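The block underneath contains the structure these notes are about, expressed in structure tokens.
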Amino acid sequence: MRIRSVLTRVATLGAAAVLAATALTACGDGGGTDQAANPLGLLRPGVLRAGTLTDAPPNVYLKDGKFTGFDNDLLTAVAAKAGLKVEFVGTDFSALLSQVNNRKFDVGSSSITITEARRKTVDFGNGYDFGYFGLDVPAGSSITGFDQLAGKRVVVVQGTVQDDYATKQNLNPVRVPDYNGAVNQLKAGTADAWIAPAEIGDTSAADSNGKIKVAAKQLSPAPTAYAFAKGNDKLRAALDKGLDEVIADGTWSRLQAQYYPGRPVPADFKPGSGTVAVPSPSAAS
């Protein structure tokens with residue numbers, strides 16, 4: 001009887017070990033079931049959680065409770081090509097890249113200019129837009145160019161390429177967390193100038209009831225792209241593929257014409273992989 005009891009116990013333990021090993025194989029990181037249900041490693045299968053801003057029209061902003069703007073509408077179209085729905089969440093730009101890399105968001109959408117410094121924090125998809133720096137000033141200002149900013153109180157949004165530019169030009173900029181903060185400083189007369197993404201600067205000036213004007217513009221040195229956590233290569237590749245598809249079907253051209261009417265596309269700028277022909281806005285409509 002004792003021998004039979006021992007043998008039964010050994011068999012039971014052996015079966016438990018096999019079951020445990022099977023469970024570990026199925027549920028481990030990148031394992032069979034999870035990988036099949038969520039091949040792109042999203043925070044929630046089938047849903048692309050995107051960190052964005054609420055106050056930067058026409059690029060990214062909140063209107064009537066909906067996140068919109070060129071970057072976000074484009075991302076929605078790109079994600080659809082990959083069979084994904086987008087969930088937008090508002091945040092501050094200064095925190096966005098670290099939040100993406102820490103996997104609070106699957107992707108960052110906020111006209112993010114590609115820089116070598118930022119590549120240390122996140123990976124970037126293919127470029128989808130170009131941009132200009134805009135110089136906004138109070139309506140009565142005599143400033144007419146970027147070369148007149150020495151000794152002036154210049155405001156920038158913290159962590160942007162405009163912040164980088166002002167710092168490299170030794171302008172000792174005043175840093176604010178968001179675009180509304182920059183606009184309010186100009187309106188209040190507590191800043192002499194704001195270096196902004198040109199499209200956002202244009203919209204802010206137009207909405208200021210004559211309190212702000214655009215003094216100058218200059219071409220930004222690098223394209224903008226969506227940001228991904230380091231090593232999140234499958235998701236990045238899927239959205240790069242989707243970007244080429246919305247370029248090819250005319251969606252990119254249509255959104256360019258909708259949000260930036262009359263803005264010429266530089267001859268040497270090729271969105272996406274650069275291998276897809278870009279339909280004209282009229283052909284895309």
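The values are calculated or read from the model by the stated rules, or taken from the named source; none is laboratory data. Note that the structure is a prediction, hence the values are computed from the model and not measured. Neighbour counts run over all protein chains shown; Cβ positions are idealised from the backbone, glycine included. Heads up: the accessible areas ignore ligands, DNA and RNA and are worked out on the full protein's heavy atoms, side chains in. Shrake-Rupley method; radii C 1.70, N 1.55, O 1.52, S 1.80 Å.
Looking at (1) part of a loop (DSSP other than H, G, I, E, B); (2) open to solvent by 50 Å² or more (accessible area, probe 1.4 Å), find the lone condition where Phe105 falls short.
For Phe105, the failing item is (2).
Suppose we filter Ala188, Ala225, Ala196 for residues that are touching an Asp or Glu at 6+ places or on another chain (Cβ under 7 Å) and either open to solvent by less than 20 Å² (accessible area, probe 1.4 Å) or free of Cβ contacts under 8 Å to residues at least 60 places away in the same chain (or both); which single one remains?
Going through Ala188, Ala225, Ala196 in turn, the sole match is Ala196.
If you go through the range 199-214 one residue at a time, how many are open to solvent by less than 20 Å² (accessible area, probe 1.4 Å) and either among the aromatic types (Phe, Trp, Tyr) or more than 19 Å from Arg263 (Cα to Cα) (or both)?
Residues that pass the stated criteria total 2.
Please specify each residue of the range 147-169 satisfying the condition of being of a type outside the set (A, V, I, L, M, F, W, C), assigned to a loop (DSSP other than H, G, I, E, B) and open to solvent by less than 30 Å² (accessible area, probe 1.4 Å). Break it down into steps so the answer makes sense when it comes.
So the first thing to find is which residues in the range 147-169 are of a type outside the set (A, V, I, L, M, F, W, C), and the list is 147-148, 151-153, 158-160, 162-165, 167-169.
Those left that are additionally assigned to a loop (DSSP other than H, G, I, E, B): 151-153, 158-160, 169.
Listed by number, the list holds a single entry, Thr160.
Has the range 56-70 got any residue that is over 22 Å from Arg254 (Cβ atoms), buried (at least 23 other Cβ atoms within 10 Å of the Cβ), in contact (Cβ under 8 Å) with a residue 12 or more places away in the chain and not assigned by the TED database to the domain that holds Ala206?
no
Test Lys230 against the stated conditions and say whether it is open to solvent by 30 Å² or more (accessible area, probe 1.4 Å), in the same structural domain as Asp71 (by the TED database) and over 20 Å from Thr68 (Cβ atoms). If you could, list the steps in order and put the result at the bottom.
On the way: open to solvent by 30 Å² or more (accessible area, probe 1.4 Å): yes; in the same structural domain as Asp71 (by the TED database): yes; over 20 Å from Thr68 (Cβ atoms): yes.
Considered against the rule, which asks whether it is open to solvent by 30 Å² or more (accessible area, probe 1.4 Å), in the same structural domain as Asp71 (by the TED database) and over 20 Å from Thr68 (Cβ atoms), Lys230 comes out as yes.
Could you check, for the range 77-95, whether at least one of its residues is closer than 21 Å to Arg263 by Cβ and either part of a loop (DSSP other than H, G, I, E, B) or at pLDDT 95 or above (or both)?
Going through the range 77-95, the residues closer than 21 Å to Arg263 by Cβ turn out to be 77-78.
Within this subset, residues satisfying the condition of being either part of a loop (DSSP other than H, G, I, E, B) or at pLDDT 95 or above (or both) are 77-78.
Yes, the conditions are met somewhere in the range 77-95.
Given the criterion modelled with pLDDT of 95 or more, crowded, with 21+ Cβ neighbours inside 10 Å and in the same structural domain as Thr203 (by the TED database), identify the matching residue among Val100, Val137, Val122.
Val137
Can you say whether Thr144 is open to solvent by 30 Å² or more (accessible area, probe 1.4 Å), assigned to a loop (DSSP other than H, G, I, E, B) and not assigned by the TED database to the domain that holds Ala193, as far as the supplied structure shows? Let's see the steps before the verdict.
Details: open to solvent by 30 Å² or more (accessible area, probe 1.4 Å): yes; assigned to a loop (DSSP other than H, G, I, E, B): yes; not assigned by the TED database to the domain that holds Ala193: no.
Answer is no for this residue.
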